[in-house]
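Data block below; observations after.
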Ligand SMILES: Cc1cc2nc3c(=O)[nH]c(=O)nc-3n(C[C@H](O)[C@H](O)[C@H](O)COP(=O)(O)O)c2cc1C
Ligand SMILES: [Mn+2]
């Protein structure tokens, strides 16, 4: 027995996608070297159903790959608002396929204010159906894909999470970061000191010890998403997942140490991170949409045991131009965490959204104009407060640009955001730069000096107009929703098919 449902069981999530027509089983031979990546990239770029590769060249029978596990969907669009576009992401949280970004964000924020529901330990689970330890460990047994021709190696972990725990046992960190195949028993990948895996790794290193570590692939989808969420330090993602789904995650003890992993995961790698050892990793096509053609020295992950379900499915993100999972999952989870810190600080922010199209390089905030008017503050003051609260948070470290717009704009609709930027922001006047503020060094336009110092390139851009600070709007938007009486709008909607439109 194991827990079920799309949020807490990857296999059920996959079955749900297949049943909804949002995944297709590809049974003809596909090469993990470049072909899996090419299909997956084209799926993102055409918003096609997720590809389930069941016949991988050179792989043992039964070993599968799911590409684009949280790609957007074009199918299922019932109306102009793109209903169903977020279906694959919504399924990660057990939400309806036609959920909107706001539905998803409110669900994520609600769970941040609920009591954590820690995992429960079970004695056995599907992830133990196959157990390989010692000399039997061979990562090459899996169809590890070469995702882009410019990549420095084959990537095992593009949609899995690391499990580490602080030496005192009080903080379990689940976090998504990529891992590249190094050899039969090792992986290599980033563990930035500002990210929680880096913090926990540093605690062990200071004690001169190896960091016990595991990586979970084909994890419960809600757990994967939470592991891609910038919750504050010392918050254990496992308890958040319980609160989010309403059920504690079932975990089993690892074979080789006392970390715990989701019992129904597809694949689990167990081992340790060396305190000092590094190896070259990358380059890789990355979340910002570029590949910079350089490898970097990164920590080495030693694998001492591999456990996996029968016919295991390796989920794969082929990063690059949006929308892929760095935008749909990471961007959404950042949006939720950012919105929560801003609201909690009492700022008049209605919604926050990392436009997927902006590749997690900007976050748009919609400002409640009525509340703003009551505050009687000016732009400089609002910007300073937003910057202090947001850039001071773990979520705000990740996103360099913040765009403020009035709440007449639906910030989850990129067309409206572009319109606001074009017609409301005044060059040289409504932009505020924060050159000393720390931020993620991956931002593509940083100078080498800025990237090295981890500061700079951050800005707040305001599309708010002076009268909006007095609680009123400038002019009237000329559109279907605003330029016609409700009765006329309804009449048009009722007659839409009669006019000859589908
Ligand atoms: C598909 C995907 C890939 C990611 N890759 C990385 C990565 O390689 N390195 C990294 O630092 N963060 C990566 N992230 C973002 C982190 O998971 C995210 O910032 C998270 O908050 C980290 O966990 P932490 O806050 O507990 O440190 C990725 C997120 C997703 C969804
Ligand atoms: Mn964390």
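The values are calculated or read from the model by the stated rules, or taken from the named source; none is laboratory data. What you see is a predicted model, and the numbers here were worked out from it, not measured in a lab. As a convention, Cβ positions derive from the backbone with ideal geometry for all residues, glycine included, and neighbour counts pool all protein chains shown.
Observations, loosely collected:
To keep it simple, each residue is scored yes or no on (1) modelled with pLDDT of 95 or more; (2) closer than 29 Å to residue 272 by Cα; (3) crowded, with 17+ Cβ neighbours inside 10 Å; (4) outside the structural domain of residue 247 (by TED's automatic domain parsing).
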{"position": "87", "(1), (2), (3), (4)": "yes, no, yes, no"}
{"position": "113", "(1), (2), (3), (4)": "yes, no, no, no"}
{"position": "117", "(1), (2), (3), (4)": "yes, yes, yes, no"}
{"position": "124", "(1), (2), (3), (4)": "yes, yes, no, no"}
{"position": "130", "(1), (2), (3), (4)": "yes, yes, no, no"}
{"position": "154", "(1), (2), (3), (4)": "yes, yes, yes, no"}
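- Test: residue in region 413-432 that is outside any helix (DSSP H, G or I) and within 26 Å of the chain's Cα centre (by Cα): yes
- Filtered residues of region 156-171 (kept if under 25 Å from residue 328 (Cα atoms) and more than 10 Å from ligand 1 (Cβ to nearest atom)): 156, 163
- Candidate set: region 131-149, residues that are within 23 Å of the chain's Cα centre (by Cα) and assigned to a loop (DSSP other than H, G, I, E, B); chosen: the one nearest to residue 63 (Cα to Cα): 144
- Residue in region 222-241 that is within 16 Å of ligand 2 (Cβ to nearest atom), more than 26 Å from residue 390 (Cα to Cα) and in contact (Cβ under 8 Å) with a residue 60 or more places away in the chain present: no
- Filter result (farther than 16 Å from residue 220 by Cβ and within 16 Å of the chain's Cα centre (by Cα)) within region 86-101: 86, 87, 101
- Residue in region 198-206 that is in contact (Cβ under 8 Å) with a residue 12 or more places away in the chain and in contact with a helix residue (DSSP H, G or I) (Cβ under 8 Å, 6 or more places away or on another chain) present: no
- Taken together, the residues in region 190-229 that are crowded, with 22+ Cβ neighbours inside 10 Å, assigned to a loop (DSSP other than H, G, I, E, B) and at negative phi amount to 6.
- Test: residue in region 245-257 that is touching a helix residue (DSSP H, G or I) at 6+ places or on another chain (Cβ under 7 Å), more than 27 Å from residue 328 (Cβ to Cβ) and away from ligand 1 (no atom under 14 Å from the Cβ): yes
- Taken over region 245-255, the criterion of being touching a residue at least 60 places away in the same chain (Cβ under 8 Å) and either more than 14 Å from residue 108 (Cα to Cα) or within 14 Å of ligand 2 (Cβ to nearest atom) (or both) is satisfied by 247, 248, 249, 250, 251, 252, 253, 255.
- Among residues of region 313-326, those that are part of a loop (DSSP other than H, G, I, E, B) and either free of Cβ contacts under 8 Å to residues at least 24 places away in the same chain or surrounded by 24 or more Cβ atoms within 10 Å (Cβ to Cβ) (or both), counted: 4
- Of residues in region 327-375 being out of contact with any helix residue (DSSP H, G or I) (no Cβ under 8 Å at 6 or more places or on another chain) and part of a strand (DSSP E or B), the one farthest from residue 464 (Cα to Cα): 362
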